[in-house]
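Let me begin by presenting the structure, written as structure tokens, before commenting on it.
The values are calculated or read from the model by the stated rules, or taken from the named source; none is laboratory data. Computed from a prediction, not measured in an experiment: that's the story for all the values here. Using ideal geometry, Cβ is built from the backbone for each residue, glycine included, and neighbour counts are taken over all protein chains shown. Please note that ligands, DNA and RNA were not included when accessible areas were found on the heavy atoms of the full protein model with its side chains. Shrake-Rupley method; radii C 1.70, N 1.55, O 1.52, S 1.80 Å.
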Amino acid sequence: MNNIDYSKGKIPGAQSGIEIRHSVCDICTPGMHCGVDCYVKDGVIVKVEGMKEHPFNKGKLCTKGSGNRQYIYREDRIKTPLKRVGERGEGRFEPISWEEALKTVSDKLLSIRSEYSADHVAFFSGYSKYYRFMLRRLAHSFGTQNYGTESSSCFTAGLMANKVNTGQAMLQNLPNTDLFLAWGQNGYFSRYPLANSMEKAKERGMKVIVVDPRLTPTTMRLADLHLRPHLGTDGALAHAIANVLIQNGWIDRPFIDEHVYGFEAYKEYVSRFTPQEGERLTGVPAEQIRKAAELIHESSSMCIAESSAPICHHRNGMQNYRAIMALTLITGNFDRKGGQIPQTYTFMESYKGFSSYEEEFMDEKFPEEGRPAIGADRFPLWYYLQKDMQANDLADNILRADEHSVKALVAFGMNYRMFPQDEKMLEAFRKLDFFVATDLFMTDTVKYADIVLPACSSFERGEFKCYPGQLVWYTRPAIAPLGEAKSDVDIISLLATEMKLDDPLLCAGYEACVQYIMRDLPLTIKQIQEAEVPFKLQGVPTYVIGDTIKEGIKTPTGKLELSSTILENHPEWGLDPLPTYKEPYNPDPAKYPLRLCAGTRIPNGIHSRLHDVPWERSLLQEPSLEMSMEDAQKYGIELGDDVQVTTNIGCLVFKAIPSATVLEGEIFIYHGYREQDINSILDSSNLDPYSGFPAYRSAFCNIRRV
């Protein structure tokens with residue numbers, strides 16, 4: 001027994017020298033951030049597992065989280081501040097000290113602010129997201145409204161739809177519902193704890209309607225009814241279901257009369273969306289549309305989980321989202337058990353069962369007198385509701401090179417491939433006077449920066465976390481930062497201090513900022529830091545279902561709005577107050593007969609963040625597309641063939657995967673591969689006028705076998 005090498009088995013204990021330390025995975029959105037057990041030997045992580053004590057993942061990790069060790073030790077990890085010595089894009093840098101890096105950044109930004117104005121500097125956040133409340137405040141304290149994030153293409157359009165309809169965010173009450181409408185949801189590939197919750201609810205008798213053009217594990221394992229609309233036609237499907245509900249009197253008329261504004265105009269509008277018309281527009285059989293309405297009618301409660309990426313990545317995306325959520329309003333499934341429950345953000349754009357001062361923290365320094373953020377003119381509803389820069393307008397702003405163009409960009413975790421026709425963003429990078437990038441890795445975006453600041457991973461820092469059920473935790477570093485890397489929040493605080501901004505709280509650092517935001521909690525941040533694992537706060541007021549209806553709905557009318565009074569009061573914006581439906585834009589139907597979805601989820605990837613992680617890349621090595629068996633036969637294409645995809649912008653070649661899971665006439669492409677970047681041939685002008693979101697999932701193309 002004494003000859004056993006415990007370290008080879010990665011068995012923790014004195015014999016192996018391996019210690020288990022708790023942390024979180026921050027590869028995806030902060031709403032998840034699952035607990036991780038890090039097996040550490042000699043200051044190096046040798047293994048990761050799910051953390052059993054964690055309330056969210058309960059010891060499990062998805063494919064992405066399981067690759068964390070290879071992720072943080074990637075060969076292109078940045079370990080020291082860098083200064084560009086080659087041309088932008090070459091990736092030629094030399095190491096410099098933190099002192100020189102911070103002084104250079106400070107001098108450049110202050111110089112541009114002095115010569116032009118603060119409005120000529122933009123701040124951007126990609127991944128990870130945990131620092132955003134501080135970066136937004138940094139931008140405002142600097143004096144610019146030009147703060148934007150990757151949420152210019154993710155999540156926010158759905159939030160805007162909820163704000164317009166109900167005045168605030170909503171969350172499904174899945175544990176108590178009779179009918180769950182999973183619209184564009186596949187928890188087995190993304191947001192996997194949802195799949196676990198659905199399985200448990202199915203065991204108690206909950207019915208499930210899944211709306212998804214594809215066959216997925218969710219549709220095949222959990223759906224009582226699977227509706228398969230054509231890409232971008234979700235709004236028409238929702239209206240057709242609403243039509244059946246209204247025509248049959250299967251609505252909550254007393255609730256509507258008391259709490260809903262604009263119903264008669266909405267009723268008249270959806271009257272044209274008969275089941276037959278719904279079938280023509282969406283491809284969903286009329287009988288299935290009627291069946292969906294029947295299931296809603298037969299259920300005593302209904303809630304909806306809608307994925308804001310597949311629903312909102314269309315030219316009509318936000319209106320589609322509003323149309324879907326209208327089903328909860330006309331059936332009275334708002335602020336009731338088993339329905340949609342109003343939510344107030346706790347921290348990092350997520351709701352954990354208690355309130356905080358995060359919004360106040362971010363807005364205290366908002367430069368009201370500054371020039372409106374980029375995109376305000378082009379996307380007025382976005383600006384009205386969010387007050388942020390719509391980053392999909394950033395490249396055009398820079399390339400115009402006029403008196404209002406941005407001259408300096410401060411980017412944290414920026415991925416230029418998130419933008420449609422993304423070569424324009426690279427061209428914009430070249431025109432900047434100054435570009436500073438903070439990141440973990442030497443990405444293709446970072447290669448264009450003048451100064452590069454190395455960030456550390458979630459395993460190398462401490463971070464305040466909160467989870468549903470009033471649970472809180474403050475993680476501790478599992479390992480020391482690699483090289484000279486620092487946490488994003490420390491970098492933000494150092495920049496604020498170096499520039500001598502009038503913001504003592506931001507200069508004081510992350511812990512002070514979090515304490516300010518969470519100052520009403522019964523415990524201090526110092527006390528929370530003492531806990532090894534997440535724990536439940538005691539004595540914190542929790543939301544009681546029905547309180548919003550009782551205390552007042554947060555819209556201009558004080559009612560749930562099927563017709564938006566915000567849009568009624570701003571006809572100059574040219575936006576429809578009702579959740580009207582418009583077909584996806586096809587520049588030339590004869591030339592581009594196939595619908596294209598760019599951004600299909602795969603369980604081993606999120607955007608392009610994991611394609612350089614060997615384990616993850618091995619699961620799908622080559623840029624690929626899925627097509628129906630019918631289209632494969634029609635175009636003479638077999639598995640593994642090279643297929644050229646052509647849009648109105650350009651063409652690329654992908655490996656073919658003929659599949660029985662895909663509808664005829666539709667092409668699904670996995671994104672983020674630098675070799676064949678699908679976003680590079682998507683039209684940057686094809687944006688939702690309500691939100692500014694790109695039409696990633698209802699573009700049009702043609703294909704041919706190469």
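Couple of notes before you dig in:
- The one condition in (1) open to solvent by less than 10 Å² (accessible area, probe 1.4 Å); (2) out of contact with any helix residue (DSSP H, G or I) (no Cβ under 7 Å at 6 or more places or on another chain) that ASN165 fails to fulfil: (2)
- Candidate set: region 405-422, residues that are open to solvent by 10 Å² or more (accessible area, probe 1.4 Å) and farther than 20 Å from ARG609 by Cβ; chosen: the one nearest to the chain's Cα centre (by Cα): GLN421
- Hey, ASP252 among the acidic types (Asp, Glu) and in contact with a His (Cβ under 8 Å, 6 or more places away or on another chain) or not: no
- Unique match (being of a type in the set (A, V, I, L, M, F, W, C) and touching an Asp or Glu at 6+ places or on another chain (Cβ under 8 Å)) among ALA485, ALA508, ALA531: ALA485
- Matching residues in region 512-542 - criterion: being crowded, with 17+ Cβ neighbours inside 10 Å and not in a loop (DSSP other than H, G, I, E, B): CYS513, VAL514, GLN515, TYR516, ILE517, ILE525, ILE528
- Meets criteria (within 23 Å of TYR416 (Cβ to Cβ), in contact (Cβ under 8 Å) with a residue 12 or more places away in the chain and among the basic types (Lys, Arg)) for ARG595: no
- Matching entry among TYR384, TYR448, TYR474 (being farther than 22 Å from SER128 by Cα and either more than 19 Å from the chain's Cα centre (by Cα) or open to solvent by 10 Å² or more (accessible area, probe 1.4 Å) (or both)): TYR384
- Listed here are the strands (runs of 3 or more DSSP E) enclosed by region 36-111 that have at least 1 residues being closer than 21 Å to TYR474 by Cα and open to solvent by less than 50 Å² (accessible area, probe 1.4 Å): 44-50.
- Strands (runs of 3 or more DSSP E) completely within region 601-671 that count 3 or more residues being open to solvent by less than 40 Å² (accessible area, probe 1.4 Å), under 20 Å from TYR696 (Cα atoms) and not β-branched (Val, Ile, Thr): 624-628, 651-659, 666-670
- In region 112-136, the residue that is most open to solvent (accessible area, probe 1.4 Å) out of those that are more than 30 Å from GLU306 (Cα to Cα) and outside any helix (DSSP H, G or I) is TYR116.
Residue by residue, here is whether (1) under 18 Å from VAL121 (Cβ atoms); (2) modelled with pLDDT of 95 or more; (3) part of a helix (DSSP H, G or I); (4) of a type outside the set (A, V, I, L, M, F, W, C) holds:
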residue: PRO372; (1), (2), (3), (4): yes, yes, no, yes
residue: LEU385; (1), (2), (3), (4): no, yes, yes, no
residue: ALA395; (1), (2), (3), (4): yes, yes, yes, no
residue: MET414; (1), (2), (3), (4): yes, yes, no, no
residue: ARG430; (1), (2), (3), (4): yes, yes, yes, yes
residue: GLU484; (1), (2), (3), (4): no, yes, no, yes
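- Tally of residues being touching a Lys or Arg at 6+ places or on another chain (Cβ under 9 Å), among the aliphatic types (A, V, I, L, M) and not in a helix (DSSP H, G or I) across region 137-192: 2
- Among residues of region 427-444 being among the aliphatic types (A, V, I, L, M) and either open to solvent by 10 Å² or more (accessible area, probe 1.4 Å) or over 16 Å from GLU150 (Cα atoms) (or both), the one that is nearest to the chain's Cα centre (by Cα) is LEU440.
- Selection of first residues in region 429-452 that are of a type in the set (Lys, Arg) and of second residues that are open to solvent by less than 10 Å² (accessible area, probe 1.4 Å), restricted to Cβ pairs under 6 Å at least 6 apart or on distinct chains, gives the following pairs, ordered by first then second residue: LYS431/ILE398.
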